[in-house]
Amino acid sequence: MASSGAAANIAVLLGLGIAGIFLAARRLRRPARPDHGAFIARLELLPPPQPPPPQARHPLTDLYFAIADALHVSGYITSFGSPEWERTHDAASQTSPVVSALVNGGAICVGKTVIDEMAYSIHGDNKHFDTPTNPAAPDRVPGGCSSGSAVAVAAGIVDFALGIDSIGGVRIPGAYCGVLAFRPSHAIVSNSGVIPVAPSLDTVGWFARDPSVLRRVGHLLLRLPYADVRQPRHFYIVDDCFELSKIPARKLTQVVTKSVEKLFGTNLLLVNTFFLPGQVTRMNLENYLASKVPSLKNYSNGQENADSKRSSLLALCNAMRLLHKCEFKDQHMEWINSVKAAVDARIVSNLSNDADSVIDSCQDTRNEVRLALNALLKDDGILVIPTALGCPPKLNARELSSESYNSQTLCLSSIASMSGCCQVSIPLGTHDKCPISVSFIARHGGDRFLLDTTQTMYATIQEQAEILAKSNVSSKQAMNEEAAETAKEKGNAAFKEKQWQKAVNFYTEAIKLNGKVATYYSNRAAAFLELASYRQAEADCSSAIDLDPKIVKAYLRRGTAREMLGYYKEAVEDFNHALVLEPMNKTAAVAINRLKKLFP
């Protein structure tokens, strides 16, 4: 009896343990939702009847779309991502003209989508309506503020969706969910019937999976007449922005350069000052902005003289965040104060620091940045930057509350937000099983050009991204080789500055990344000689010679190291070998004569 009772107790304990594991697993896994949690309300707005023949059908016929819940629909309360806002506001009396234009253009609106509370965040989390599930990476945030719209498109629920973008609210979720995302030029698309966030920055943008849909929607909203497609003549790859990226820069930029080569027959031209037609150009936007936008010094937070590689980009980001905060407060602080306990504490806390005194200067900066980028890009230029820092952060990850992470992300989005230029985020496949993307920016008013360029290049970009993905091993090797070359150049710079140990460290890094280049060993040997580390210099030269028996400098440096170690015979042999390879080498000849006089 005792044994049977003990067995029963064990069975119960095991059962409880299994149940506990099961419950824990259920808590860890997000439950599947039919619409991925994208929608806050379902509705149906139907287009008018088709015009009789021979008139053309409506341009968006048979397309379904959704709208972020910051756009009004007559008869519905716009929640603005907040149940308290919904409770304290009446139903809209008119539908947003943008929504009406799409419905009249033949598309069917099927619902309103979740946004971050008061459209204030860029992550896509909402404590009131839950965070929509990112279809491309369910354990990652979908990005915000227009999270639900991006998710609805990525999940294939709709053909396209509208979002709002002040500081990245369309571009970031587009990147995180792996779909096309378009932010039009500021004030080109009407914001009437949309709850304002920061009017100087606000735009209505849209998402799509298909570039032709993205373009069709754009042509309707932008009211563009027919015109010939204009080919881009300049692609400016912004190296300092790609330095911010957590994704290897080559994985992003190579897809663009290869696509441009294939479509337009151009080659990569590594210049910074003179831009030739039909070329892909590497540039430093930090330096360009510093020279063209003098008002940025007002937002450097004391870093104008600091050793900061991205002080101008950071200053631009600071100006955008200040403008965003001040205009948001102007629009909504009275309401927030009336219901403060119901608003996310993070929003209230962020608004508590007053800095309204320099708001006028923000507008000066906007104008200066727009003029600077319009002058650079003209009518046929494309600025190429990463859309986001890298893979979307995991749900509840530390990055979401990291000031550094958020600031760097907003550095990227501030370029278009503050200049008012149009920007499109284009998916480039995956990295670590998460979506990655690149962005094209055109001048303010260049929306048609950017939409046309996106459609022209999209298929080739996806093809090149797939080719790169299929060559992961060789790609990794190539990236290591590129990084090794960068380390070598840093070593050379340190050597010129007589920072010998620093040079050794950089050359060592290059060797670790790619140990099959004789020059790396030979250069490190030169630094070791300056440090009087003769045995290490001798060993490095021997490694270099094993890799390349014709590397003259390695024989000269090994000869010097052996002379200093007292191996005079071997030293003479090395200098003689150098003379065989280069009969006119004066260094070798002088060394041989010196040793012969000392040791006849």
*Ignoring ligands, DNA and RNA, how do D548, D344, D90 rank by accessible area with a 1.4 Å probe, largest first?*
D90, D548, D344
*asked:* With a 1.4 Å probe and all protein chains left in place, how much of the accessible area of the chain comes from carbon and sulfur atoms, in whole percent?
replied: 53
*Please list the helices of the chain that count as membrane-span-like by this rule: a mean Kyte-Doolittle hydropathy of at least 0.5 together with Cα atoms stretching 24 Å or more along the helix axis, each helix being a complete DSSP H run.*
2-28
*Once you have a ≥ b ≥ c as the square roots of the Cα gyration tensor eigenvalues for segment 479-598, tell me rounded if a/c is under 1.5, and otherwise prolate or oblate according to whether a/b is larger than b/c.*
prolate
*Cα-Cα over 23 Å: which of K488/K569; K262/K292; K394/K433; K553/K586; K127/K325; K251/K325?*
K488/K569; K262/K292; K251/K325
*Could you point to the residue in I77, L296, S149 farthest towards the positive end of the chain's charge dipole, with +1 and -1 charges on the Cβ of Lys/Arg and Asp/Glu respectively?*
L296
*Could you tell me which label, among (i) 29.1; (ii) 121.5; (iii) 41.4, carries the value of mean projected area of the Cα convex hull in nm² calculated for this structure?*
(iii)
*Among the lysines, which fall within straight-line cross-link reach of K297, defined as a Cα-Cα distance under 16 Å, with same-chain neighbours fewer than 8 residues apart omitted?*
K309
*Between segment 95-155 and segment 542-600, what is the C-alpha centre distance in whole Å?*
70
*Write down the accessible area per residue of the chain in Å², having rolled a 1.4 Å probe over the full set of protein chains.*
46
*Percent antiparallel among DSSP beta bridges (both partners in the chain, rounded to 5)*: 60
_Cleavage-rule hits (chymotrypsin sites (Phe, Trp or Tyr not before Pro)) in segment 215-260: DSSP loop, at most 16 neighbouring Cβ within 10 angstrom_ = Y226
*Quick one: dipole size for segment 479-598, taken about the Cα centre, charges +1 on Lys/Arg Cβ and -1 on Asp/Glu Cβ, in debye to the nearest 20.*
460
*Considering only the other residues whose Cβ falls under 13 Å of the Cβ of G218, what net charge follows from Lys and Arg at +1 and Asp and Glu at -1?*
+2
*Probe 1.4 Å, all protein chains in place: accessible area of K292 in Å², nearest 10?*
110
*Order these peptides, 47-54, 147-154, by their mean beta-carbon neighbour count within 10 angstrom, highest first.*
147-154, 47-54
_Qualifying trypsin sites (Lys or Arg not before Pro) for segment 36-90 [loop in DSSP, other Cβ within 10 Å: at most 13]_ = R57
*Qualifying trypsin sites (Lys or Arg not before Pro) for segment 498-569 [loop in DSSP, other Cβ within 10 Å: at most 13]*: K498, K516, K550
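The values are calculated or read from the model by the stated rules, or taken from the named source; none is laboratory data. The structure displayed is predicted, hence computed values, not measured ones. Note that we place each Cβ from the backbone using ideal geometry, even for glycine, and neighbour counts take in every protein chain shown. Side chains included, ligands, DNA and RNA excluded: accessible areas come from the protein's heavy atoms. Shrake-Rupley method; radii C 1.70, N 1.55, O 1.52, S 1.80 Å.
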